[in-house]
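Note sheet for the following structure.
The values are calculated or read from the model by the stated rules, or taken from the named source; none is laboratory data. These numbers were taken from a predicted model, which means no experiment stands behind them. Glycine also receives a Cβ, built like all others from the backbone with ideal geometry; neighbour counts cover every protein chain displayed.
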Amino acid sequence: MSEAFFTDKARVRASFNRAAASYDGAAVLQREVAGRMAERLDYIKLAPQVILDAGSGTGEGTALLRRRYPQARVIELDLAPAMLAASRAKQARAAGWMDRWLGRGRPWQVCADIERLPLATASVDMIWSNLAIQWVNVPDGVFAEFRRVLKPEGMLLFSTLGPDTLQELRQAFAGLDGATHVNRFIDMHDLGDAMLAGGLGEPVMDMEKIVLTYDQVRDVMRDLKAIGAHNATAGRGRGLMGKQAWHRVEAAYEAWRRDGRLPATYEVVYGHAWRGQDKKSAMLPDGRQVIEFVKKG
């Protein structure tokens, strides 16, 4: 994969740690997409006992999953410890005094990278991942990890961002210098191929565009900062942008203004796939393997 798609994981972790306190106030897109993912579960027959929320953030998706599957154990997993702490604090505030006194309802949380899951093989019935996969560097690898921890017949449901995301901001920065100023995202069809390469079966993909609108370009940047979505690509600029360069970006973005508002487009990609059963070779009583040959023609 091109270096343009590679992200600096240390920078991603630091950005989301800093954003933990402001995240919920700006995570409009994340909540909307979580709701649309949940609607897809209405058409899927599954009674999971263990669910992994991969890239759980401040726990909004986890809360949704607990309401839908009250008998399931939901494991929150995130790269940023401050995000997990924010989720833990919200759950403590929501718990009744009896639950707190008895220590019930404490969340199951793991601080880790979704590309290297510290979970046992075949230990999870369902994986839910809302707007987290765009931060991975090797999609084939993360899907292989998801398959590894899923039980046979387990399901993956995820959302991520496609290449038209923040197209207005990307074009406003175009030609400014040789650096990448906006994160780049993988095409839906490539993600489908990555799921197959990772060993998942029956992949289904679809896409929609969600447009948020703002008064000023600075408001777009403020929300991106508040949710921790800084540019973390390997080819990003390392210095601060000067006032003159920023004014050029603002002027270029103004060309997108419609009805007094500036758009910020998000290409949201949804996918789900299944772990499937492991194929077993027929064995003779003495332990020898049976291999079937099919004659063609």
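Residues in the range 110-163 that are hydrophobic (A, V, I, L, M, F, W, C), closer than 17 Å to ALA197 by Cβ and in contact with an Asp or Glu (Cβ under 6 Å, 6 or more places away or on another chain): VAL136, VAL142. Would you confirm whether or not the range 273-290 contains a residue that is out of contact with any Ser or Thr (no Cβ under 9 Å at 6 or more places or on another chain), over 30 Å from LEU150 (Cα atoms) and at pLDDT below 90? Checking the range 273-290: at least one residue is out of contact with any Ser or Thr (no Cβ under 9 Å at 6 or more places or on another chain), over 30 Å from LEU150 (Cα atoms) and at pLDDT below 90. If we keep just the residues of the range 121-140 that are among the small types (Gly, Ala, Ser) and either out of contact with any Lys or Arg (no Cβ under 9 Å at 6 or more places or on another chain) or at positive phi (or both), which is surrounded by the fewest Cβ atoms within 10 Å (Cβ to Cβ)? The residue in question is ALA122. For the range 174-189, a tally of residues being over 16 Å from the mean Cα position of the chain (by Cα) and at pLDDT 85 or above returns 1.
So that you can scan it fast, the table gives a plain yes or no per residue for (1) of a type outside the set (D, E, K, R); (2) in contact with a helix residue (DSSP H, G or I) (Cβ under 7 Å, 6 or more places away or on another chain); (3) surrounded by fewer than 24 Cβ atoms within 10 Å (Cβ to Cβ); (4) modelled with pLDDT of 95 or more:
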| position | (1), (2), (3), (4) |
| --- | --- |
| PRO48 | yes, no, yes, yes |
| ASP53 | no, yes, no, yes |
| SER56 | yes, yes, no, yes |
| TYR69 | yes, no, yes, yes |
| ARG73 | no, no, yes, yes |
| GLU76 | no, yes, no, yes |
| MET83 | yes, yes, no, yes |
| ALA89 | yes, no, yes, no |
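Can you find a residue that is modelled with pLDDT of 85 or more, polar (S, T, N, Q) and farther than 30 Å from ASP125 by Cβ anywhere in the range 238-248? The answer is no; no qualifying residue exists.
Here's the yes/no breakdown for (1) under 16 Å from ALA112 (Cβ atoms); (2) without any contact (Cβ under 8 Å) to a residue 60 or more places away in the chain; (3) among the acidic types (Asp, Glu):
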residue	(1), (2), (3)
PHE16	yes, no, no
ALA26	no, no, no
ARG40	no, no, no
ILE44	no, no, no
THR58	no, yes, no
LEU65	no, no, no
LEU79	yes, no, no
LEU84	yes, yes, no
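Only one entry in VAL220, VAL211 is under 15 Å from THR165 (Cβ atoms), modelled with pLDDT of 80 or more and surrounded by fewer than 13 Cβ atoms within 10 Å (Cβ to Cβ), namely VAL211. When GLY57 is tested against the conditions (1) assigned to a strand (DSSP E or B); (2) under 13 Å from the mean Cα position of the chain (by Cα), the lone failure is (1). Within the range 110-120, restricting attention to residues that are over 20 Å from ALA34 (Cα atoms) and not charged (D, E, K, R), the residue that is surrounded by the most Cβ atoms within 10 Å (Cβ to Cβ) is LEU117.
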